[in-house]
Amino acid sequence: MPSSTLNVCLIGYKFMGKAHSQAWRTVGRFFDLDTEPVMKVVCGRDAAAVAEFSQRWGWEQSSADWQSAIRQDDVDLIDIASPGSTHAEIAIAAAQAGKHVFCEKPLSFTVADSKKMLSAAREA
């Protein structure tokens, strides 16, 4: 039985958001976990659509404002499943907010953005 929790914020709710949601829901069936993931908040651009997604997939909250969601005190990890062109900005902001970061591939589209992401992670 997990002894602690890990509050997850998922950014992106289209195809990869569905895949990541299913993974968070079932990870404990594949692995023996010390920490139980809590599907805290899911973010997307369309507030109504992401709210519906949240209900269907079991997220506690939904938001159309990823910047605010990553700063929530009750969020530990940011799972980035949004379009690739948004990864660098979100990952850098999440690292600067002191959050753990999971990022769907591709990490970024340029070496320069990847270096910025690495630098933000190292500074965090």
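The values are calculated or read from the model by the stated rules, or taken from the named source; none is laboratory data. What you are looking at is a predicted structure, and each value in this text was computed from that prediction instead of being measured. For neighbour counting, all protein chains shown are included, and Cβ atoms are generated from backbone atoms with ideal geometry for every residue, glycine included. Accessible surface is based on the protein model in full, side chains and every heavy atom, while ligands, DNA and RNA are left aside. Shrake-Rupley method; radii C 1.70, N 1.55, O 1.52, S 1.80 Å.
Here are some notes:
- Among (i) 19.9, 63; (ii) 14.0, 42; (iii) 14.5, 45, the entry derived from the coordinates for Rg and Dmax of the Cα atoms in Å: (ii)
- Surface/4 of the Cα convex hull for region 1-50, nm²: 3.5
- Accessible surface ranking for Ile70, Ile92, 1.4 angstrom probe, highest first: Ile92, Ile70.
- Where only DSSP H runs of four or more residues are counted, the chain gives -13500 deg cm²/dmol as its mean residue ellipticity at 222 nm, each run worth -39500 (n - 2.57).
- Here the dipole of the chain is about 360 debye; that uses its Cα centre as origin and unit charges on the Cβ of Lys and Arg (positive) and Asp and Glu (negative).
- 17 Å Cα-Cα reach of Lys116 towards aspartates and glutamates, excluding residues that sit fewer than 8 places from it in its own chain: Glu89, Glu104
- Projecting the Cα atoms of Ala95, Pro106, Leu10 onto the charge dipole of the chain (Cβ charges, centred on the Cα centre) puts Pro106 farthest toward the positive pole.
- Anisotropy class of region 54-124 from Cα gyration tensor, a/c 1.5 cut: oblate
- Proximal lysines relative to Lys40, as straight alpha-carbon distance under 23 Å, when same-chain residues fewer than 8 apart are discounted: Lys14, Lys18, Lys99, Lys105
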